[in-house]
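All of the numbers you see were taken from the coordinates with simple rules; none came from a lab. Keep in mind that what you see is a predicted model, and the values were worked out from it rather than measured. For neighbour counting, all protein chains shown are included, and Cβ atoms are generated from backbone atoms with ideal geometry for every residue, glycine included.
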Amino acid sequence: MGRDTHQNSDVGTDSRTIIYIKKPTTPPAMEYTASNKQIVQILVEKCHSFGIKQVVLCPGSRNAPLIISFANHPGFTCYSIIDERSAGYYALGLARQLHEPVAVVCTSGTAVLNLAPALAEAYYQEISLVAITADRPAELIGQEDGQTIRQSRVFQKFVSHSIDLPVDETEELKAEASNYLERMFKWHMVFPGGPMHINVPLREPLYETTTCALVSIPKSVGDQQQKIETKIHKQLIEEWSQSAKILIVCGIYLPDEELNQAVNQLVQQKNIPVIASANSNLSGKGIIHSVEKLLLSLTSDDELLYRPDLLITIGGPVVSKRIKEFLRKVKPALHWDVDLSSRKVDTYNCLTKQVTGNPFFLFKYLNKKVEAKNETYLQTWVKANAKQQSLHDKFIMTVPWSDFMVYHTFFAKIAKPLNLHTGNSSPVRYIEFFRKNPFINYYSNRGTSGIDGSSSTAAGAALADDKLTVLITGDVAFIYDSNALWFNQLPKNLRILVINNNGGNIFRLIPGPANSGHLPLFETPHHASVKMICKAFHVYYLKASNEIELNQMLPSFLDTNAGATVLEVFTPAEVSAEVYKNYLQAH
């Protein structure tokens, strides 16, 4: 059935034009037109040398020297995003999908502050996002000059490096700026991950240009295959050998097939149970995903049976509140946290060893060196998980139309590879209830777990990957970040599924708000129209209000030959909350 003939579809007239600057594939020019600001020239060449290839540009005048120089340099692909908050998340999505640094450039003043949410997310996910902000010169700061705030080191708590470039261009200052940028970028090549802030004070005139020679040669960025220090191998082997019950817990992690194979080998050959968030992108026999419901079924007597002697954690935050509560309560005797960063994180209040390096190398080493454990502990977890999966399958047979049924129906339709992004609050929790789909790579902004940039992040990621990119989000989060659609080259492979239960349904799922007497102040029911937002931005729109319509709409929604599409699915808030609670209680 053609998409434009269905009664639940709606198409706006699309008069958008492509305005991003995609450089030709011919050999790069040896010269380019750049700003005559020599500090800007140095910065642009250092960014190119560092391996930055993608730059998100926000409009402005104070940042004109930066826009001109990046846009004309043959080594960069530039995208024009108007809203700085959205631009930051677009850049974050690009960087995470490409596994390489991406820059976002904006003008001075409050425009700078709008980058803060994306930088905070990048900081806690250790993503190489480079914020380059134009600024007024020091003599104008605090003097009631327009579009001027104190923006020096404004992000210092959310970046790994922050630098103010000099406004004067003496030979000494230029050399100092060049050396500092070189050291900063080299540091990130050795210890990759985390955002940087480069503040660039600029005096007028701002639009004068010159011809520059292309002098930089891109370098490879950061060795993400950082190995575990050999000197601690013996300590790890000793502690492993002393532990009868070993449990691996994996939080958010980018897709990594080598790691997945190493983890599966530990499960199958060493009898090690693994609990993995859906966003860990780990899958295989014996890997447990739906742990929330399993842990709710445990009695006090069961806790000792499930308590590990040695806990090994990898990846970022886990979604499950219950696994955090369980491990904090039972307190394993030993806890290794394995991460490329040396940042100490003691989520479960029992950390005994911070292991800096790539988890793949540790697991590869352990697979070669350690003996298998008795399979009793593994089977304890596996059998409990199998029981919960059986209850899940029975529960599905009785579920009415609700948020839960939307997820079940969606996952049942996925038979081709895609990248799935989930909004925070309800969506990221719902996907934990379902078996890991082998066709899906999972992503979400769980560094800070905010609702503010899910759509923009997914759109940025879609720019970097031809694979279908689907975001499942709620109505409040979609409306909050609707400027994600305000982009002249919205990627054709982007799909957004909006579950509209008329407000923040998460506040019906968690204890407290419903009994406060002020539920509307938490839930924020509204009259905003997702359909009209799509019409305003010329984005294809579909809708469904029941299971039959959803099954009819999903083939069109998932059609890889179509353009960017929003599918709005209407669900009853009260019923959805009741189904969610009943599911967790059915054990």
Thr170 and Phe439 label points (each 7 Å along its Cα→Cβ direction) are spaced in nm at 6.5
Region 229-310: trypsin sites (Lys or Arg not before Pro) falling in loop per DSSP and having at most 11 other Cβ within 10 Å: Lys285
Of the labelled options [x] 38.9; [y] 33.3; [z] 29.0, which one gives mean projected area of the Cα convex hull in nm² as computed for this structure? [z]
Where a ≥ b ≥ c are root eigenvalues of the Cα gyration tensor, a/c under 1.5 meaning rounded, otherwise prolate if a/b exceeds b/c and oblate otherwise, region 320-389 counts as oblate
For a test of the definition: using alpha carbon positions, the gyration tensor, and the 1.5 limit on a/c, classify region 31-213 as rounded, prolate or oblate. rounded
Please report the antiparallel percentage of DSSP beta bridges with both residues in region 31-213, rounded to the nearest 5. 20
Contact order relative to length for region 398-585, counting C-alpha pairs under 8 Å separated by 6 or more residues, stands in percent at 25
Estimated inter-spin distance, Ala333 and Ser390, nm [label 7 Å along Cα→Cβ]: 3.4
Give the Debye-formula value of log10 I(q)/I(0) at each listed q (0.15, 0.22 Å⁻¹), with one equal scatterer per alpha carbon of region 230-379, two decimals each. -0.72, -1.85
Which angle from 0 to 90°, rounded to the nearest 10, does the C-alpha axis of helix 547-557 make with the longest principal axis of the chain? 40
As a percent rounded to 5, the proportion of antiparallel DSSP bridges among beta bridges in the chain is 10
Dividing the helical contributions, -39500 (n - 2.57) per DSSP H run of n ≥ 4, by the residues of the chain yields a 222 nm value, nearest 500 deg cm²/dmol, of -11000 deg cm²/dmol
Acute angle (nearest 10 degrees) that the helix 321-330 long axis makes with the longest principal axis of the chain, alpha-carbon atoms: 70
Gyration tensor on Cα atoms of region 42-142, a ≥ b ≥ c root eigenvalues, a/c under 1.5 rounded, else prolate if a/b beats b/c, else oblate, says oblate
Relative contact order of region 31-213: what whole-number percent is it, with Cα pairs under 8 angstrom and at least 6 residues apart? 28
Positive-pole candidate from Leu485, Asn199, Ile67, dipole of the chain, charges at beta carbon: Leu485
With Cα atoms, 0 to 90° folded angle of helix 171-190 axis to the chain main axis: 20
Links exceeding 23 Å between C-alpha atoms in this model, out of Lys436/Lys531; Lys492/Lys543; Lys321/Lys369; Lys321/Lys364; Lys285/Lys416, come to Lys436/Lys531; Lys321/Lys369; Lys321/Lys364
Unpartnered Cys in the chain, judged by a 4.7 Å Cβ-Cβ cut-off, are Cys47, Cys78, Cys212, Cys250, Cys350, Cys534
Once you charge only the Cβ atoms, +1 for Lys and Arg and -1 for Asp and Glu, what is the size of the charge dipole of region 230-379 about its Cα centre, to the nearest 20 debye? 240
Quick check: the distance between the Cα centres of region 148-185 and region 523-560, to the nearest angstrom? 45
Cα-based reach from Lys174 at 16 Å (exclusive), listing lysines while leaving out same-chain residues under 8 positions away: Lys37, Lys46
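Tell me, what is the percent relative contact order of the chain, built from C-alpha pairs under 8 Å that lie six or more residues apart?
Relative contact order here is 15 percent.
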Suppose every K and R has +1 on its Cβ and every D and E has -1 on its Cβ; what is the size of the dipole of the chain about the Cα centre, in Debye to the nearest 20? 1580
